[in-house]
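Scroll down for the structure; my scribbles are underneath it.
Taken together, the values in this text are just the output of simple stated rules run on the coordinates, not laboratory data. Just so we're clear, the structure is a prediction, and the values are computed from it rather than from any experiment. Using ideal geometry, Cβ is built from the backbone for each residue, glycine included, and neighbour counts are taken over all protein chains shown.
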């Protein structure tokens with residue numbers, strides 16, 4: 001019985017260690033293609049705003065871009081926002097220098113992925 005208890009405690013600690021960790025400033029991520037037409041948890045401007053600014057109305061220019069976590073914002077226990085900027089220093093769509101994203105939800109749905 002004692003061995004079963006210690007095995008379950010060890011398994012619990014290893015599960016907690018392998019869970020998603022909080023992002024740090026300077027972590028690198030990659031923006032992936034969204035499952036729908038629009039991004040849900042990465043706050044890019046809507047397509048009509050892009051077309052009004054004279055840009056091509058699609059998000060293909062941001063697919064597979066490397067981004068860096070610039071700021072981490074915590075709201076409550078389970079909501080964590082990150083401010084992202086491009087790794088190469090250029091702007092998103094030529095006018096946005098930073099973008100806000102819900103960290104955990106965008107990783108779960110596949111809009112963002114960590115660089116190993």
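Could you grab the relative contact order for segment 23-114? Cα pairs under 8 Å, six or more apart, rounded to a whole percent. Before the final figure, lay out the partial values.
Details: 155 pairs, mean separation 35.1, N = 92.
That works out to 38 percent.
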Legend entry - Extension gain from residue 98 to residue 64, taking 0.36 nm per residue of separation minus the Cα-Cα distance: 10.6 nm
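Give me the percent of Cα-Cα pairs in segment 23-114 that sit more than 16 Å apart, rounded to a whole number. Mind showing how you got there, number by number?
Numbers: 2141 of 4186 pairs.
Beyond 16 Å sits 51 percent of the P(r) for segment 23-114.
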Legend entry - Cβ-based exposure ranking for 108, 77, 27, in which fewest neighbours within 10 Å come first: 77, 108, 27
